[in-house]
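So the structure is just underneath, and the comments pick up after that.
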Amino acid sequence: MDSKAMQYVKKLGPLIGLIALFIIISVMNDSFLELSNLRNLLRQVSINAIIAFGMTFVILTGGIDLSVGSILALSSAIMAQLIITGTNPELAILLAAGAGLLLGGINGLVITYGRVAPFIATLATMTIYRGATLVFTDGNPISGLTQDPIFHAFGQGDIGGLPIPAITMFLAFIILWFVLSRTSLGRKTYAVGGSEKVSYIAGIKIDRVKVFVYALTGMLCGIAGAIITSRLNSAQPTAGTGYELDAIAAVVLGGTSLAGGRGHIVGTLIGALIIGTLNNGLNILDVSSFYQQVVKGIVILLAVLADRKKA
Amino acid sequence: MKIVMSGIAKAFGTNQVLRDVNITLKEGEVHALMGENGAGKSTLMNILTGIHKADAGTISIDGVERTFPNPREAELNGIAFIHQELNIWPNLTLLENLYLMRPKKNRFGLIDNKAMLQEATAFCEELGIELPLTAEAGSCSVGQQQMTEILRILMLDAKVVIMDEPSAALTERETATLFKMMNKMKARGVAIVYISHRMEEVFSECDTVTVMRDGHTIVTKPISEISMDEVVRHMVGRSIDEFYPERTTVPSDVVLDVQGLQPKGFKHDISFQLRKGEILGVAGLMGAGRTEIMRAIFGVDNHNGGSITVNGKPLKCKKPEDAIKAGIAFITENRKSEGLILDFSIGSNITLPNLGDICPSHVLQKNKLESFAETLSKKLGVKTQSIHEPASSLSGGNQQKVVIAKWVGKKPSIIIMDEPTRGIDIGAKRDIYDLMNELTDDGVSIIMVSSELPEVLGMSDRVMVIQEGRVAGILNRDEATPESIMTLATGGQ
């Protein structure tokens, strides 16, 4: 095989993995491919995928964001409180996104102007935002928010058979794909991760790029939080716990390098689909949830090892 | 211990670094090894201590021929090399550094700090030096760290000690202590190889001098039988061949005026002017501070005080982006770590600083980007199948052309080039010289920092010589000779 063909295989690796997974699971249980299940699958994937899109930007710059789950919970709580105190529910969705943007922006500022390593900075804000959520909600869910139909549709509805969260996910994907591949901001995201020194000397405003990627991730977490709040019609103070790991796993499965500078959001979508398919498929196959974790971990490890082999 | 190295030759790839080198080191003698940057001094000593393997030639120690497989083996046999980059663990104390590789143990097999401290203190007293042995090495001065390194080597009972520019990072007082130590070592019969660029030190402290040039040992003489002038002449003694294109541009108005600039860590301040269409060569020895000055002008590193005026406008330069806006471009000496994103394609590298200029809306237009990169890549003669190839696939010379291309695309009025032809082949060098001429014909001004004297002499309209963080002199083209530059660079008279 020549190197061009090798490169294609490498690029298509995650997709081939996803298809293989689909085939295996559907052979073992034919209810997997039923339309209702596929719809369900997309709905499950959408939250992780939306967060992982942001995580892709962050990881491309060579950073990491551990605070995504906490941002999700805090923006969800803020949103629920706003609705209860009479804010228009649709407006509240936008405000949740805004809250996420702000919280993510704080991450970015701590990392750039505070010169704190992203891992440490977001580890700290992960704890702070989670704590703030618990303080804000007094540790109790905020529930019974509203009967507003549009608000409910945001997390539960369908358009033409497609779940609205999945539509939101695809919209986000298209916009972010464009930003990453077709704008100078996207190019600079790669450049910062490829070499901060070279970018700095080339006159790129590195700090701005970094604040952008963390703020973007925060905003996406806010949107994901709004979807969850709408689906449950309540805000849970423990929502989003552990989501950072699923998001990072999706990014890595999609072939993005944790060292930064290499990878793409297309891979992340496929990575999130792989994780979602595994979750969904193992449930359908009636694998105990204890074993599910083991299997998920092994798949991630195999994917990374396979990637290393080819490189 | 007497060491005779004869007929030593060494090539790295196609680059012949040493050819037929002969040198003899004698007991109780301080032997100065001098030569321009790249003359082969360090390589020669690396061969003696087992870091590199010679392609030809023999090393005999007290009449027995032998080579060492690695530096540790050489050290155990009494030959130690103190590099410019010290082998110090900054997180350990000086004492722990001294004994890391051979700790003293008590009868329970545990590390015996007390015994080590006693022994080390006794050693220090014998040599007449004071060291805070229990302090963390990282908190000690470079001088103290170096003393520790020397001490460690002496405690191994070294017979031959090689020191690469030991005084470069030392204060005057520390240097005096270093010389005192060297004298004690001499008295104990140690042979010392002293690699230095500083004439005065060499003439006051050394017994013998060997001058190297282009991988040859040119001369070895007792210090009493040679003059500073003669050493300089041997160091540079070559004529500039017809390799350099003729300079035709006539420099006009001042475009860059640097007054009283003090880069961080400099004792002196720097002032000079650059004219339109001029190539200002910046010469000096390694570590003289040339790169630091350029980095300060471009805003990569901080500086205290002073003013920079570009085309009549004052430049408040805090970050590279400010300098770029003022029309300055900077081609750094580290093309792999600071010039190129190796994962990026050639095209993406060329367009990187130019994205906003090519696509003002910040939405990337593939065609525009490609034709921009294609045009520049062609203009600079980058040899590649396509601009979509990764930058890492190119040879050094072509990588350098890509770095230049990305800055030429910015249409700067001033280009700072730090070692523009380092490590690239002859053909690409000539291409770059021709390009420099083309650029200056178009009214661009160039500051060229270079450690290669022929290049400085061949390409510069004027030469600024930097010596230990100050401007030692600025020579016009007709005043600039290898001798005049080396004299200024070494602080000689």
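One line per residue, one yes/no per condition, for (1) within 30 Å of A:Ser257 (Cβ to Cβ); (2) basic (Lys, Arg); (3) outside any helix (DSSP H, G or I); (4) away from chain B (no Cβ under 14 Å):
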| position | (1), (2), (3), (4) |
| --- | --- |
| A:Thr122 | yes, no, no, yes |
| A:Gly131 | no, no, no, yes |
| A:Val135 | no, no, no, yes |
| A:Asn140 | no, no, yes, yes |
| A:Thr146 | no, no, yes, yes |
| A:Phe151 | no, no, no, yes |
| A:Phe170 | yes, no, no, yes |
| A:Ile174 | yes, no, no, yes |
| A:Ala191 | yes, no, no, no |
Of the candidates A:Leu60, A:Leu41, A:Leu33, A:Leu15, the one satisfying the condition of being touching a Ser or Thr at 6+ places or on another chain (Cβ under 7 Å) and modelled with pLDDT under 90 is A:Leu33
Across segment A:153-168, the tally of residues that are of a type outside the set (Ser, Thr, Tyr), surrounded by 19 or more Cβ atoms within 10 Å (Cβ to Cβ) and in a helix (DSSP H, G or I) stands at 5
Out of (1) in the same structural domain as B:Ala187 (by TED's automatic domain parsing); (2) touching a Cys at 6+ places or on another chain (Cβ under 9 Å); (3) surrounded by 22 or more Cβ atoms within 10 Å (Cβ to Cβ), the one B:Ala296 does not meet is (1)
When (1) buried (at least 22 other Cβ atoms within 10 Å of the Cβ); (2) at pLDDT 85 or above are applied to B:Val232, the one that fails is (2)
Over segment B:440-468, the set of residues touching an Asp or Glu at 6+ places or on another chain (Cβ under 8 Å) and of a type in the set (Gly, Ala, Ser) is B:Ser445, B:Ser450, B:Ser451
Counting only residues that are part of a helix (DSSP H, G or I), charged (D, E, K, R) and under 25 Å from A:Ser257 (Cβ atoms), segment A:36-75 contains a total of 0
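Any idea which residue in segment B:305-318 is farthest from the other protein chains (Cβ to nearest Cβ), counting only those that are farther than 17 Å from A:Tyr200 by Cβ and without any contact (Cβ under 8 Å) to a residue 24 or more places away in the chain?
In this case the residue turns out to be B:Gly312.
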The residue that is farthest from the other protein chains (Cβ to nearest Cβ), considering only those in segment A:176-185 that are closer than 30 Å to A:Arg43 by Cα and out of contact with any Phe, Trp or Tyr (no Cβ under 8 Å at 6 or more places or on another chain), is A:Trp177
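Check whether at least one residue in segment A:179-187 is outside any helix (DSSP H, G or I), closer than 30 Å to A:Ile93 by Cα and hydroxyl-bearing (Ser, Thr, Tyr), and report yes or no.
yes
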Condition set more than 9 Å from every other protein chain (Cβ to nearest Cβ) and part of a loop (DSSP other than H, G, I, E, B), scope segment B:319-360, selection surrounded by the fewest Cβ atoms within 10 Å (Cβ to Cβ): answer is B:Pro360
Of those in segment B:267-290 that are surrounded by fewer than 22 Cβ atoms within 10 Å (Cβ to Cβ) and modelled with pLDDT under 85, the residue nearest to B:Glu479 (Cα to Cα) is B:Met286
B:Ile59 being farther than 21 Å from B:Met185 by Cα and in a strand (DSSP E or B):
yes
From the option list B:Arg233, B:Arg247, single residue qualifying as within 28 Å of B:Glu483 (Cβ to Cβ), in a loop (DSSP other than H, G, I, E, B) and either of a type in the set (D, E, K, R) or within 14 Å of chain A (Cβ to nearest Cβ) (or both) is B:Arg247
For segment B:458-469 the number of residues that are of a type in the set (Lys, Arg) and over 15 Å from B:Gln273 (Cα atoms) is 0
By residue number, the members of segment B:302-318 that are surrounded by 21 or more Cβ atoms within 10 Å (Cβ to Cβ), touching a Gly at 6+ places or on another chain (Cβ under 8 Å) and part of a strand (DSSP E or B) are B:Val310
For segment B:397-412, state whether one or more residues are more than 25 Å from B:Ala323 (Cβ to Cβ) and in the same structural domain as B:Arg275 (by TED's automatic domain parsing).
yes
Within segment B:361-405, the count of residues that are closer than 28 Å to B:Ile447 by Cβ, within 14 Å of chain A (Cβ to nearest Cβ) and of a type in the set (A, V, I, L, M) comes to 6
Of the residues in segment A:169-200 that are β-branched (Val, Ile, Thr) and in contact with a Gly (Cβ under 8 Å, 6 or more places away or on another chain), the one that is surrounded by the fewest Cβ atoms within 10 Å (Cβ to Cβ) is A:Val179
The number of residues in segment A:199-221 that are among the aromatic types (Phe, Trp, Tyr) and either outside any helix (DSSP H, G or I) or more than 11 Å from every other protein chain (Cβ to nearest Cβ) (or both) is 2
- Report whether or not B:Leu256 is crowded, with 21+ Cβ neighbours inside 10 Å and either out of contact with any Lys or Arg (no Cβ under 8 Å at 6 or more places or on another chain) or part of a loop (DSSP other than H, G, I, E, B) (or both). yes
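The values are calculated or read from the model by the stated rules, or taken from the named source; none is laboratory data. Since the structure is predicted, the reported quantities are computational estimates derived from the model, not experimental observations. Virtual Cβ from ideal backbone geometry, glycine too; neighbours counted across all protein chains shown.
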